[in-house]
Amino acid sequence: MLRARKGTPADWLVVGLGNPGPEYAHTRHNAGADVIALLADRHGGRLRMGKERSLADEVRIEGRRVALAFPQTYMNDSGLAVGLLVRRYGVESMDRIVVVHDELDLPVGRIKVKEGGGLAGHNGLKSIHQHLKDNGFVRVRIGVGKPPSKEHGADHVLRRPGKRERTELEITVQEAADAVEMIISEGVPAAMNRYNSQ
């Protein structure tokens, strides 16, 4: 049984959703995980496997303690890891948890910041809601565009995009990392104002 954190809790927990393993690396579904890797790189973090079933590390962003994590449970069971991470890092308030994820309802190149609300059929978000019993967490949604038909949804998100779209997605991942930094330094409303009006 994991013990809750002793000592100073993290100010923020930022979780990037995706699937573990090289076969899923840089697919559309792993856009959130790519943001976590980028944030760790920017802030001198080294993501390591821990008891929380995640690659995680704690960094400082604008003087705040920020836990960065990429669950290794597969997307549909993300909540298992997030529940353990919340306890490990002592984060008690939903508005201090940021979940970064791919979003079919946004075109490629768009990101949106959202606090609480519906889960838009996203299995990773559903799992987190199920384990935290609350959906008030902050989301940074990364547009990956809609597939040609609903039946192709899984193929679409689990496939690596072509060269042109890949370049666009890489830029969007950088912007999503910027959005996370803005949420931490200036607050959710400022980030919503900056990114949701594009």
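The values are calculated or read from the model by the stated rules, or taken from the named source; none is laboratory data. Only a predicted model underlies this, so the values are computations on that prediction, with no experimental measurement involved. For neighbour counting, all protein chains shown are included, and Cβ atoms are generated from backbone atoms with ideal geometry for every residue, glycine included.
Within region 173-198, take every residue that is modelled with pLDDT of 95 or more and hydroxyl-bearing (Ser, Thr, Tyr) and give me the one that is surrounded by the fewest Cβ atoms within 10 Å (Cβ to Cβ).
In this case the residue turns out to be Ser185.
Please go through region 53-86 and give me each residue that is over 26 Å from Asp178 (Cβ atoms) and either at pLDDT below 95 or not charged (D, E, K, R) (or both), ordered by number.
Correct list: Thr73, Tyr74, Asn76, Gly79, Leu80, Gly83, Leu84.
If I ask for residues that are polar (S, T, N, Q) and not in a loop (DSSP other than H, G, I, E, B), which ones from region 14-30 would you list?
Across region 14-30, the qualifying residue is only Asn30.
Which one of Gly124, Gly109 is of a type outside the set (A, V, I, L, M) and part of a loop (DSSP other than H, G, I, E, B)? Full working, then the answer.
On the way: Gly124 fails: part of a loop (DSSP other than H, G, I, E, B).
One residue alone meets the criteria, Gly109.
Mind listing whichever residues of region 99-144 are β-branched (Val, Ile, Thr) and either modelled with pLDDT of 95 or more or within 17 Å of Gly16 (Cβ to Cβ) (or both)?
Val99, Val100, Ile111, Val113, Ile128, Val138, Val140, Ile142, Val144
Among the residues of region 51-64, are any touching a strand residue (DSSP E or B) at 6+ places or on another chain (Cβ under 9 Å), small (Gly, Ala, Ser) and either on the phi < 0 side of the Ramachandran plot or touching a residue at least 40 places away in the same chain (Cβ under 8 Å) (or both)?
So far as region 51-64 goes, yes, one or more of its residues are touching a strand residue (DSSP E or B) at 6+ places or on another chain (Cβ under 9 Å), small (Gly, Ala, Ser) and either on the phi < 0 side of the Ramachandran plot or touching a residue at least 40 places away in the same chain (Cβ under 8 Å) (or both).
Where the second residue is among the aliphatic types (A, V, I, L, M) and the first is without any contact (Cβ under 8 Å) to a residue 40 or more places away in the chain and lies in region 104-123, which pairs have Cβ atoms under 7 Å and are six or more apart or on separate chains?
Leu119/Leu125
Picking from Asp34, Asp57, which residue would you name as being touching a helix residue (DSSP H, G or I) at 6+ places or on another chain (Cβ under 9 Å) and in a strand (DSSP E or B)?
Asp57
Inspect all residues belonging to region 154-170 and state whether any of them is out of contact with any Leu (no Cβ under 9 Å at 6 or more places or on another chain), β-branched (Val, Ile, Thr), under 27 Å from His43 (Cβ atoms) and modelled with pLDDT of 95 or more.
no
So which of Glu181, Glu92 ends up being acidic (Asp, Glu), part of a helix (DSSP H, G or I) and in contact (Cβ under 8 Å) with a residue 60 or more places away in the chain?
Glu181
Hey, can you tell me all the residues within region 65-86 that are polar (S, T, N, Q) and in a helix (DSSP H, G or I)?
Passing the criteria: Asn76, Ser78.
Return the pairs, sorted by first residue and then second, in which the second residue is charged (D, E, K, R), the first residue lies in region 161-175 and is closer than 11 Å to Ile142 by Cβ, the beta carbons are less than 6 Å apart, and the residues are 6+ apart or on different chains.
Val173/Asp34
Which members of region 68-105 meet the condition of being of a type in the set (Gly, Ala, Ser), within 12 Å of the chain's Cα centre (by Cα) and more than 16 Å from Lys126 (Cα to Cα)?
Answer for region 68-105, where residues must be of a type in the set (Gly, Ala, Ser), within 12 Å of the chain's Cα centre (by Cα) and more than 16 Å from Lys126 (Cα to Cα): just Ala69.
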